[in-house]
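Contents: one structure, followed by commentary.
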Amino acid sequence: MRLGVLGGRAVAVSGDRAADIASVSRGHLPADPMALLEDWSRVRDQVAGLPADAYGLQVDPEALQAPVPRPRQVFAVALNYPPHAAEAGYTPPDEPLVFTKFPTCVTGPSTTVALPRGKVDWEVELVAVIGRETYKVSEDRAWEAVAGLTVGQDLSERVSQLRGRPAQFGLGKSFPGFGPTGPVLVTPDEFDDPDDLEITGLLNGETVQHDRTGSMVFPVPDLIARLSAVLPLLPGDLVFTGTPAGVGNRMNPPRYLTEGDELVSRIQGVGEIRQHFTAAHP
Ligand code: ZN
């Protein structure tokens with residue numbers, strides 16, 4: 001099942017068609033995507049069971065919005081792919097390195113980002129969306145906590161991210177528009193193997209990042225078990241699971257996003273998101 005948001009309303013997506021979930025259920029199911037996720041374990045079978053003739057809307061891909069518009073918690077993980085840890089000058093960590101992207105940075109799949117002052121870099125990431133309140137779940141049951149997967153960009157302003165000793169990642173990764181997501185949320189059952197998906201980042205058509213999510217040091221269920229061992233995960237929470245090698249600040253010479261660039265982030269079985277960039281704020 002593929003879930004999207006059009007005009008602020010939750011839709012089920014099939015190919016280029018969509019069903020407005022609240023309308024076709026005659027109000028039994030909520031229009032608000034956050035309310036739908038809040039109740040996801042109870043309502044998912046009803047959404048999955050919508051008849052083919054419910055899909056009466058034509059999807060304009062440019063009109064799709066963030067599949068989770070107002071997450072309460074946004075987790076992100078550093079150095080979760082060994083080649084990226086190596087390019088950053090580290091060995092793979094023994095424990096997940098967790099930081100937050102503040103939720104106001106979350107946006108949809110087709111956006112234009114105004115570059116702040118500094119050095120803005122790209123990080124294509126698989127994002128896991130939590131589908132039920134989850135506390136102290138075991139790794140072998142952690143996929144049950146996941147409503148679905150989506151594509152994310154962990155846009156990062158490296159000067160403010162790495163300033164200070166020790167560095168504090170949160171603000172440098174939370175400028176407006178720094179958390180684009182989408183194009184839809186795809187339920188785990190849609191994948192042959194949700195633990196091993198091709199992940200690609202393209203800058204102006206050139207592949208700059210390419211790996212498989214199976215390379216992760218801490219795969220999705222391990223991350224969810226470890227996060228939920230500390231605090232409750234809530235419906236609609238996002239977990240940015242780390243980026244593969246190929247970020248700009250580890251290139252020689254370093255390369256950062258500039259006005260006019262186009263960044264495409266793609267994950268097998270989910271789709272792609274596309275960001276354009278405009279000149280720095282004054
Ligand atoms: Zn990241």
Report yes if ASP222 is outside any loop (DSSP other than H, G, I, E, B) and out of contact with any Lys or Arg (no Cβ under 6 Å at 6 or more places or on another chain), otherwise no.
yes
Tell me whether region 265-280 contains one or more residues that are more than 16 Å from the ligand (Cβ to nearest atom), buried (at least 20 other Cβ atoms within 10 Å of the Cβ), of a type in the set (A, V, I, L, M) and over 24 Å from LEU97 (Cβ atoms).
yes
Just to verify a result, which residue in region 115-164, among those that are crowded, with 22+ Cβ neighbours inside 10 Å and in a loop (DSSP other than H, G, I, E, B), is farthest from the ligand (Cβ to nearest atom)?
GLY131
Could you go through region 178-188 and let me know if any residue there is within 17 Å of PRO71 (Cα to Cα), in contact with a Lys or Arg (Cβ under 6 Å, 6 or more places away or on another chain), in a loop (DSSP other than H, G, I, E, B) and not aliphatic (A, V, I, L, M).
no
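If I filter region 195-208 for residues that are part of a loop (DSSP other than H, G, I, E, B) and farther than 23 Å from ARG274 by Cα, do I get at least one hit?
yes
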Give just the number: which of (1) surrounded by fewer than 18 Cβ atoms within 10 Å (Cβ to Cβ); (2) within 15 Å of the ligand (Cβ to nearest atom) does LEU231 not satisfy?
(2)
Just to be sure I understand, how many residues within region 89-106 are polar (S, T, N, Q) and within 16 Å of the ligand (Cβ to nearest atom)?
1
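Readers should treat all values here as calculations from the given coordinates under stated rules, not as data from a laboratory. Keep in mind that what you see is a predicted model, and the values were worked out from it rather than measured. Every residue, glycine among them, receives a Cβ derived from its backbone with ideal geometry; neighbour counts consider all protein chains shown.
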